[in-house]
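Report on one structure; see the data block that follows.
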């Protein structure tokens, strides 16, 4: 008799398909131990090197040291009432849609927020549409709640989603479309025209099928935008919008797991949706978002990491890669580059880069073979010192191609 695995079959399947991002991050740890961190150029993980802004650090000290008897206790599952009020007020000003505090749920980052939303809205077999290239964890999040992920193929080299292709992937089982702009992994900002066409497609399909199709707008990079690139308020152009945001990137608080869900007040049945989301925040085991960091984030809504420092890194890296012959679209936001692989097999290219102690993530992990992702949220010295390694890589691969 064959002994059964100690983990479930679903988890075994998930492990086999687990994220290239984390796999390469682990590879980087091993290489750094072997060769020394200064000799390894790790561009695998979107883990901001920048420290939080000074104001954020001051708020952390203040809340950690003040004599507030309630700062570390439970609060309502949706979060502190004053935090929800401040978040709603800021979001109303930012989006042009009036959000009441009752439509905000503070969450354990954007990942926690997306899981809360999906548990709230999905029935078994419901479909969630994503645009390739995509953040690969979306698949796990949808699977967590017995949904099915449907992929709209990539549209290189601009990587603006194709509304026509989206329409072909929607059916009566479609419950939501996840939109991520500025985008991970491309750094592309979706244009107003693209988003308006997506909204038109979804509105048409809702009428055709008599269903509700939600846009889940995943927005952790919305404050990291370059060259005065405008961002479109999705709630203004599509009523069934649920925003999920995180302070992990905008305030460099990735390890503190703080974010929120904001449900548009224009959604029919919004009160029941909020009851469901608050309930799901509890029963998923989050209970509530970290108490002290709710307070910190609420008081730092106007703060942001130094976007100019990321722009400088982007410009240096792009110039270096273009000089060496790599093809890439200049990203408009976030802190990722998504160059074309010099050889068709991006996984093989990843292995070639590893030989030179450069850690990248193949585009196949994002549903876009033939490309690779570089996370340039590292110190400038790492980028500059990697040039010799990239020169060696370029010399090898351009001879192969």
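Numerical summary
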{"read-out": "Candidates 224, 237, 216 - the one that is closer than 28 Å to residue 106 by Cβ, over 14 Å from the mean Cα position of the chain (by Cα), modelled with pLDDT of 95 or more and in the same structural domain as residue 105 (by TED's automatic domain parsing)", "value": "237"}
{"read-out": "Considering residues of segment 365-380 that are modelled with pLDDT of 95 or more and part of a helix (DSSP H, G or I) only, the residue nearest to residue 306 (Cα to Cα)", "value": "380"}
{"read-out": "Selected residue (only one of 35, 99 is touching a residue at least 24 places away in the same chain (Cβ under 8 Å) and within 30 Å of residue 387 (Cβ to Cβ))", "value": "35"}
{"read-out": "Residue list for segment 182-210, filter: outside any helix (DSSP H, G or I), without any contact (Cβ under 8 Å) to a residue 60 or more places away in the chain and either touching a helix residue (DSSP H, G or I) at 6+ places or on another chain (Cβ under 9 Å) or crowded, with 18+ Cβ neighbours inside 10 Å (or both)", "value": "190"}
{"read-out": "Boolean, residue 170 is touching a strand residue (DSSP E or B) at 6+ places or on another chain (Cβ under 9 Å), crowded, with 20+ Cβ neighbours inside 10 Å, free of Cβ contacts under 8 Å to residues at least 60 places away in the same chain and assigned to a loop (DSSP other than H, G, I, E, B)", "value": "yes"}
{"read-out": "Enumerated strands (runs of 3 or more DSSP E) restricted to segment 83-157, each holding at least 2 residues that are more than 21 Å from residue 249 (Cα to Cα) and modelled with pLDDT of 95 or more", "value": "127-131, 148-152"}
{"read-out": "Selection count, segment 227-240, where residues are in contact with a strand residue (DSSP E or B) (Cβ under 6 Å, 6 or more places away or on another chain) and either closer than 18 Å to residue 84 by Cβ or assigned to a loop (DSSP other than H, G, I, E, B) (or both)", "value": "3"}
{"read-out": "Candidate set from segment 133-152 (those that are under 17 Å from residue 362 (Cβ atoms) and out of contact with any strand residue (DSSP E or B) (no Cβ under 8 Å at 6 or more places or on another chain)); member that is surrounded by the fewest Cβ atoms within 10 Å (Cβ to Cβ)", "value": "137"}
{"read-out": "Test result for residue 269, without any contact (Cβ under 8 Å) to a residue 60 or more places away in the chain, under 28 Å from residue 333 (Cα atoms) and in the same structural domain as residue 175 (by TED's automatic domain parsing)", "value": "no"}
{"read-out": "Complete set of residues in segment 339-363 that are in contact with a helix residue (DSSP H, G or I) (Cβ under 7 Å, 6 or more places away or on another chain) and outside any helix (DSSP H, G or I)", "value": "339, 341, 342, 343, 356, 357, 358, 359, 360, 361, 362"}
{"read-out": "Total residues in segment 33-77, condition assigned to a loop (DSSP other than H, G, I, E, B) and under 16 Å from residue 256 (Cα atoms)", "value": "10"}
{"read-out": "Selection within segment 245-259 - in contact with a helix residue (DSSP H, G or I) (Cβ under 6 Å, 6 or more places away or on another chain) and either closer than 15 Å to residue 88 by Cβ or part of a helix (DSSP H, G or I) (or both)", "value": "256, 259"}
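Conditions tested, residue by residue: (1) touching a residue at least 12 places away in the same chain (Cβ under 8 Å); (2) under 28 Å from residue 114 (Cα atoms); (3) crowded, with 17+ Cβ neighbours inside 10 Å.
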| site | (1), (2), (3) |
| --- | --- |
| 275 | no, yes, no |
| 303 | yes, yes, yes |
| 329 | yes, no, yes |
| 344 | yes, no, no |
| 348 | no, no, no |
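The values are calculated or read from the model by the stated rules, or taken from the named source; none is laboratory data. Everything numeric here is computed off the predicted structure, so don't read it as measured data. Every residue, glycine among them, receives a Cβ derived from its backbone with ideal geometry; neighbour counts consider all protein chains shown.
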